[in-house]
Amino acid sequence: MNIFDIIGPVMVGPSSSHTAGAAKIGYISRKLMGEEIVKAEILLYGSFLATGKGHGTRMALVAGLMGMKPDDCRIPESLNIAKRRGMEVIFGESDLKEAHPNTAQLKLTGVTGRKLEVVGESLGGSRINIAKIDGIETNFSGDYPTLVVHNIDQPGHVSEVTAMLAHKSVNIAAMQLYRSNRGGDAVMVIECDQEVPPEGIKWLEKAEGVVKVTYLSLED
Amino acid sequence: MIVYNTVEDIVRICRENNMLFWQVIMRADAQERMVSEDISFAAMREMYRAMKRADSEYDKNLKSPSGLSGGDGEKMRIFNSTGNNLCGAFMGLAMEKAIKMGESNACMKRIVAAPTAGACGVIPAVFLSYETCFNAPEDKMVEAMFITAGIGAVIAKNASIAGASGGCQAEIGSASSMAAAGLAYLQGGDAECIAHAMAFALKNMLGLTCDPVCGLVEVPCIKRNSAGAVNAISSAQMAMAGIRSAITPDEVIDSMRRIGNAMPSCLKETGEGGLAITPSAQRIKETLQ
């Protein structure tokens, strides 16, 4: 636990979970997309849906999706800024079942047409959890450089990825494996102590059996 | 590597290594983030100064977007300056600063979440007032800030700091216990005294619900910051007097988690119970729509 998630962050009010946490979910999603977002379908669940409006949750999510951080004084103006930039924003209700009370489901399209779906949960004190990417469970905080590899569920892919990280001197802080069914879609979520160099990610994208690589860099 | 999961862990590490409470928290942070202790200390000083800036940027003329909040901190300042203050200069100033910070937050100004935005007034109210009234050096204040952070981290780990999960006890209750712990240190309390100041403050806030009007971080949140600050001061004073909590500090935190889990969801930031469904709240809701 980072103590500066307890004392901090410096943020625009009024709610650390519903404003700053929402902005962080948007910001991390923008980083995961890796390119400008031109269309965002924002589906809210639970308390985000019930009380989000008064907390500026919608403004904060959109601000984050445009790359603004939780202390950005432009958050109250984000919906207008998105309109000026020509970003299409649609709000709705999420049909998730039994999700965390503060959940946003984001269906995003990037400037090159890249698609990404993120389910983000705001845990309080602006800490967040990225619960799902493209429908498969993930669970990471966004506090570490994070590599998300979607692959076909077959032997050898984990060792390929970890061998690449070892070769680049990247230490693994936490690693999770999920799959939809045997031989189906699988995902590796690897939180790292160092940034993964771009050539490592490019190599992975071309590796056989790898469907998609999503990388969260903490560098600006 | 320093690792702590409970208040008892911190107290034990202090005893075994002859360290102060704040040093344990700072060293653990430096090790965890792989930075020097100087960098850790500078980062915490920056948080404290951000609190100071937010306090000094209070604008008495601002109103929140809902129109419900603004200007009450100025009323407290004026009243305190008349000499009719009921509870002494320090506590009076803490109440004033707590309300001001809560109002700044509601008006979408920049604040420091501590541990949350809804509770952002408690710690700066107690600390900035203490620095002013007791002429404390800034370094000492930053040391005490590490104590608040360590207590908050333990609460987040073993219970919750989110109103939606644990009710207001998790927000104002956590902030108040963090401030009480820091204040006990500022007054010269040892690790045990710090832990019991924390326990008193949290015990007094157990069961507090999160039922804000229209779901906004305004009513009753802003005034609860003042209550949290006052509770922190009285709790630190009890601990400094040598009074000890019959329930251990970690058991108080465990209780807070269990109470939060047992609390119905209508009282956990959903706007569906408590103060939020009173006739007054309904009238406010109608005028906002």
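Only the coordinates and a few stated rules stand behind these numbers; no lab work does. Please read these numbers as outputs of a predicted model, since none were measured by experiment. Here the Cβ is made from the backbone with ideal geometry for all residues, glycine too, and neighbour counts use every protein chain on show.
Kindly provide the Kirkwood hydrodynamic radius of region A:89-200 in Å, to one decimal, from all pairs of distinct alpha carbon atoms.
Averaging 1/r across every pair of different Cα atoms and inverting gives 15.6 Å.
Could you pull the Rg and Dmax for region B:115-269, using just the Cα atoms, both in Å?
When restricted to Cα atoms, region B:115-269 yields Rg and Dmax of 14.5, 45 Å.
Could you state, as a whole-number percent, how many of the C-alpha pairs of region A:1-111 are farther apart than 23 Å?
22 percent
Taking the Cα centre of region A:50-117 as origin and charging only Cβ (+1 Lys, Arg; -1 Asp, Glu), how large is the dipole, in debye to the nearest 20?
280 debye
Restricting to lysines 8 or more places apart or on different chains, can you count the pairs in region B:21-167 with Cα atoms under 16 Å from each other?
15
Could you give me D for chain A, from Stokes-Einstein at 10 °C and 1.306 mPa s, where the hydrodynamic radius is the Kirkwood radius over C-alpha pairs? Units µm² s⁻¹, please.
So the translational diffusion coefficient is about 90 µm²/s.
Please pull out the direction-averaged projected area of the protein assembly as shown, using the convex hull of its alpha-carbon atoms, in nm² to one decimal place.
24.5 nm²
Have a look at A:N139, A:T214, A:M188 and report the one farthest towards the positive end of the charge dipole of region A:138-220, computed about the Cα centre with Cβ charges (Lys/Arg +1, Asp/Glu -1).
Selected residue: A:M188.
Can you list residues whose amide H is under 5 Å from A:I128's amide H, if they're 5+ apart or on another chain and H is modeled 1.01 Å from N?
A:L123
Residue by residue through region A:90-98, what is 3J(HN,Hα) from phi via Karplus (6.51 cos²θ - 1.76 cosθ + 1.60, θ = phi - 60°)? Round to whole Hz and write x for glycine and proline.
Ordered by residue, 3J(HN,Hα) equals 10, 9, x, 9, 7, 9, 4, 10, 6 Hz.
Give the share of C-alpha pairs in each 10 angstrom bin for region B:1-158, from 0 to the last occupied bin, in whole percents, shortest bins first.
With 10 Å bins starting at 0, P(r) equals 10, 34, 31, 18, 7, 0.
Relative contact order for region A:146-216: what is it in percent, counting Cα pairs under 8 Å that are at least 6 residues apart?
48 percent
Just to confirm a number: summing +1 for Lys and Arg and -1 for Asp and Glu over residues other than A:A40 whose beta-carbon lies under 14 angstrom from that of A:A40, what do you get?
Counting the neighbours of A:A40, the net charge comes to +3.
Counting only other residues whose beta carbon sits under 12 Å from that of A:E88, what net charge do I get with K and R as +1, D and E as -1?
After counting each charged neighbour, the total is +3.
Over 17 Å apart: what share of the alpha carbon pairs of region A:146-216 falls there, rounded to a whole percent?
Of all Cα-Cα pairs in region A:146-216, 34 percent lie more than 17 Å apart.
Relative contact order, percent, of region B:151-194 when contacts are C-alpha pairs under 8 Å separated by at least 6 residues?
RCO, region B:151-194: 29 percent.
Taking 1 over the mean of 1/r across every pair of different Cα atoms in region B:7-288, what Kirkwood radius in Å do you get?
18.8 Å
Amide H neighbours of B:V219 under 5 Å, counting only residues 5+ apart in sequence or on other chains, H built in-plane at 1.01 Å?
For B:V219, the qualifying residues are B:V213.
Take the residue pairs A:K31/A:K107; A:K24/A:K132; A:K83/A:K132; A:K83/B:K268 and return only those whose Cα atoms are more than 23 Å apart.
Beyond 23 Å: A:K83/A:K132; A:K83/B:K268.
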